[in-house]
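One structure is given below, encoded as structure tokens.
Please treat every number below as a calculation from the coordinates, not as lab data. Small disclaimer: the values here were computed from a predicted structure and weren't measured. Cβ atoms come from the backbone with ideal geometry, glycine included; neighbour counts cover every protein chain shown.
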Amino acid sequence: AILRAGRDSSISSVPVKSAAALAMQALHRVRQGYVRRRTAMSNQMRGLLLEHGLAMAQGDSAFSQGVPRILQDATQPLPDMLRELIDELLGEWSQLGERINVLTG
């Protein structure tokens with residue numbers, strides 16, 4: 001296949017990426033992974049809260065404001081263990097947001 005590609009003039013060559021281009025590509029991949037993980041975490045927390053009848057509007061803003069409010073409200077029907085778990089997940093979610101912002105630059 002390599003020999004054929006070298007002889008066939010209809011197959012165009014692809015330029016080799018520079019080190020800077022490869023580094024930029026790696027940055028985008030890492031950022032994209034952070035975004036996926038952060039989205040998965042927010043979906044997981046939303047699901048856990050929804051199992052206890054606590055729904056919230058879509059979007060990062062509603063999530064980042066709504067979850068702390070729910071966790072601080074002692075009248076909400078959440079077991080203490082779940083409150084602590086979601087609080088821990090929320091901290092990780094926030095850290096991922098900071099990492100995403102750094103990479104977005």
Candidate cut points under GluC sites (Glu not before Pro) in the range 51-105, DSSP loop plus at most 12 other Cβ atoms within 10 Å of their own Cβ, are GLU51
Neighbour-count ranking for MET81, MET24, MET45, MET56 (other C-beta within 10 angstrom, fewest to most) reads MET81, MET24, MET56, MET45
re the chain: pairs of Cα atoms spaced beyond 16 Å account for a percent value of 67 percent
